[in-house]
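Everything below concerns the one structure shown next.
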Amino acid sequence: MRRNVTLLTLAVFPLAAQNLFTPDFRIQPDNYTVLMASDAQLSPGLLRHPGDHRKLEVREWTSLAQSFTWRVTAPDSGDYAVNMLLNHHAGSPVTLEVSAGAQKPLSLLISHRPEPERFRWRRFPVPGTLRLEQGANTITLRASGVRRNGNFELSLWSLELVKPEVRDRLAQAALRARVNPADFQALRYGFMVHWTPQSWPSRGERKPYAEAVREFDVEAFADQIKQGGAGFLVLVTAHALQYLPAPIKALDHILPGRTTQRDLVADLAAALQKRGIRLFVYYHLGSIDDPDFLRASGFWETDTTRFFNNWVSIVTEIGERYGTRLAGWWFDDGMCNYYYRRHDWERLNRASKAGNPQRLTTFNRWLWPTATDFEDYDACEVCTDSAATGWLPVGGDGRYLDGPAKGLPAAATLITEGDWLHTRKDTPIGPPRWTTPQMKLYLRDFAARRIVPIFNLEIYQEGRVSPASIAVFAAAHGN
């Protein structure tokens, strides 16, 4: 077969001397192809963010002399739409060019935005299409021009390549799959608790995980959640370590010894349901803190088939086990872990709704643009600005009018006390960050904008949260 070469250039840093997911740089004609900035060949001065199990942005793009280069392989010739995921930190407008071989580059003018840092990240569609030829192609991205005597400072997350017809088909499928957020918004606000093997009790030594699961008093805990006025609870299960407080066979098959005989999720769901409170589950796909699970699950494998088959098996079993008792998912590391692995977002979304087609799903983006259209709400980790720089107006429908999560219903996941987890031995949980009058105003503002805040509460291993924090919400939520 005829094999032509096209040039697509970006410069690359050497990979860190540790495990990192390595892509195959093959173009997917029937899906999005993600080219991470950190996987490119990087010219001098460009700074890759230090990695762990994640991939993050490349910073210090400040010169017309700098470039990114990716070498990719296409199964056949075709025309591809291009998105750039960027943050312009400061300086003058700058023109960026992406090229493949000798063809005329595609150009995009980028201006600095005055919004806060977390809201300046965008997915920018580049006008036109990029022609890739069958076989080897080299793709190059560079800045081609800036206002005279001007300067710029960019961070690059990725390039996305997708055939226009595939882009449109996936966008329509995602909208059809999206759950109406009205019931979620009616819950007003929720609590999140990171109750994991890393949680410490109020006093003394940590108990083994299975023992702590057996002794967890769900009725007393559910009473605290009810007193605090929350409409739902997000239970953090697998976090840094892949443990589940229930007899989930799919995880046992991958790595035995990480589940429990007691089904704490079912017991907690029942206790909450009696009090009119819904249950969500947080799930993390894997962390460098748990190398045994990463090896067993196929986390580092370039061919992600085995890894996502394992993910689908765990998520599907959980969904089918709890059915409508499980109202939603909070999947972490959506952009810095799921995003660049070759997989089918539509399949993952379908698995997340096993047993309950109205179950809500989010893939946490943190600071960056959304990872996929196949989600139902935006988790917005540590979004303390309830107005979201004006994109969530009073009287709106709770969907972002602009920004990195444009079009998605808004949530805001916030730290109430000192941290996400209670990880300090013989140390009481600290005071809440807000007084009762402050919380009253905060809840009113969220409700007026139809944002659903999720307040993370530190929790002791014995299953109690801070009475002082609960008291603030109890006094504020009815007003």
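Is segment 448-458 home to any residue that is touching a residue at least 24 places away in the same chain (Cβ under 8 Å), surrounded by fewer than 20 Cβ atoms within 10 Å (Cβ to Cβ) and among the acidic types (Asp, Glu)? For segment 448-458, residues touching a residue at least 24 places away in the same chain (Cβ under 8 Å), surrounded by fewer than 20 Cβ atoms within 10 Å (Cβ to Cβ) and among the acidic types (Asp, Glu): absent. Being part of a loop (DSSP other than H, G, I, E, B), among the aromatic types (Phe, Trp, Tyr), buried (at least 23 other Cβ atoms within 10 Å of the Cβ) and in contact with a Phe, Trp or Tyr (Cβ under 6 Å, 6 or more places away or on another chain) holds for only one residue in Trp368, Trp330, and it is Trp368.
Only residues that are in contact with a Pro (Cβ under 8 Å, 6 or more places away or on another chain) and farther than 18 Å from Ile248 by Cβ were counted across segment 265-303, and they come to 1. Among the residues in segment 355-365, are any hydroxyl-bearing (Ser, Thr, Tyr), assigned to a helix (DSSP H, G or I) and within 30 Å of Asp267 (Cα to Cα)? No, every residue in segment 355-365 fails to be hydroxyl-bearing (Ser, Thr, Tyr), assigned to a helix (DSSP H, G or I) and within 30 Å of Asp267 (Cα to Cα).
The residue pairs whose first member lies in segment 429-444 and is closer than 7 Å to Val472 by Cβ, whose second member is among the hydroxyl-bearing types (Ser, Thr, Tyr) and part of a helix (DSSP H, G or I), and whose beta carbons are closer than 8 Å, counting only pairs six or more residues apart or on different chains, are Pro432/Ser469; Trp434/Tyr442. Among the residues of segment 43-70, the ones that are more than 26 Å from the chain's Cα centre (by Cα) and not in a loop (DSSP other than H, G, I, E, B) come to 2 in all. If you go through segment 354-365 and pick out every residue that is surrounded by fewer than 19 Cβ atoms within 10 Å (Cβ to Cβ) and polar (S, T, N, Q), you end up with 2. Just checking, how many residues over segment 315-344 are under 18 Å from Ala238 (Cβ atoms), hydrophobic (A, V, I, L, M, F, W, C) and out of contact with any Ser or Thr (no Cβ under 9 Å at 6 or more places or on another chain)? Going through segment 315-344 one residue at a time, the tally reaches 2. Within segment 110-128, residues that are surrounded by 19 or more Cβ atoms within 10 Å (Cβ to Cβ) reach partners that are among the charged types (D, E, K, R) and part of a loop (DSSP other than H, G, I, E, B) with beta carbons closer than 6 Å, at six or more positions or on different chains, in the pairs Arg120/Arg113. The set of residues in segment 28-38 being under 22 Å from Ser63 (Cβ atoms) and touching a residue at least 60 places away in the same chain (Cβ under 8 Å) consists of Leu35, Met36, Ala37. Being under 29 Å from Leu457 (Cβ atoms), surrounded by fewer than 20 Cβ atoms within 10 Å (Cβ to Cβ), of a type outside the set (Phe, Trp, Tyr) and at pLDDT below 95: is that true of Thr324 here? Criteria not met by Thr324. Here Asn356 passes the criteria (1) in contact with a helix residue (DSSP H, G or I) (Cβ under 6 Å, 6 or more places away or on another chain); (2) in contact (Cβ under 8 Å) with a residue 60 or more places away in the chain; (3) within 21 Å of Arg176 (Cα to Cα) except the one numbered (2).
From the list Leu170, Leu156, the one residue that fits, being under 25 Å from Ser63 (Cβ atoms) and aliphatic (A, V, I, L, M), is Leu156. Residues in segment 385-414 that are under 17 Å from the mean Cα position of the chain (by Cα), surrounded by fewer than 17 Cβ atoms within 10 Å (Cβ to Cβ) and not small (Gly, Ala, Ser): Lys406 only. Within segment 236-247, none of the residues are over 28 Å from Arg347 (Cα atoms) and either assigned by TED's automatic domain parsing to the domain that holds Ser313 or in contact (Cβ under 8 Å) with a residue 60 or more places away in the chain (or both).
Checked against (1) polar (S, T, N, Q); (2) farther than 21 Å from Lys163 by Cα; (3) touching a Pro at 6+ places or on another chain (Cβ under 6 Å), Ser99 meets all criteria but (2).
Conditions tested, residue by residue: (1) among the charged types (D, E, K, R); (2) buried (at least 20 other Cβ atoms within 10 Å of the Cβ); (3) in contact with a Ser or Thr (Cβ under 8 Å, 6 or more places away or on another chain).
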residue	(1), (2), (3)
Leu46	no, yes, no
His49	no, no, yes
His53	no, yes, yes
Gln66	no, yes, yes
Asp76	yes, no, no
Val82	no, yes, yes
His89	no, no, yes
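When Ser107, Ser99 are screened for being part of a strand (DSSP E or B) and either surrounded by 18 or more Cβ atoms within 10 Å (Cβ to Cβ) or free of Cβ contacts under 8 Å to residues at least 24 places away in the same chain (or both), only Ser99 passes.
The number of residues in segment 301-350 being more than 19 Å from the chain's Cα centre (by Cα) and charged (D, E, K, R) comes to 7.
The values are calculated or read from the model by the stated rules, or taken from the named source; none is laboratory data. Fair warning: this is a prediction, and the values are worked out from it, not measured in the lab. Because the Cβ atoms are built from the backbone with ideal geometry, glycine has one as well, and the counts that use them run over all protein chains shown.
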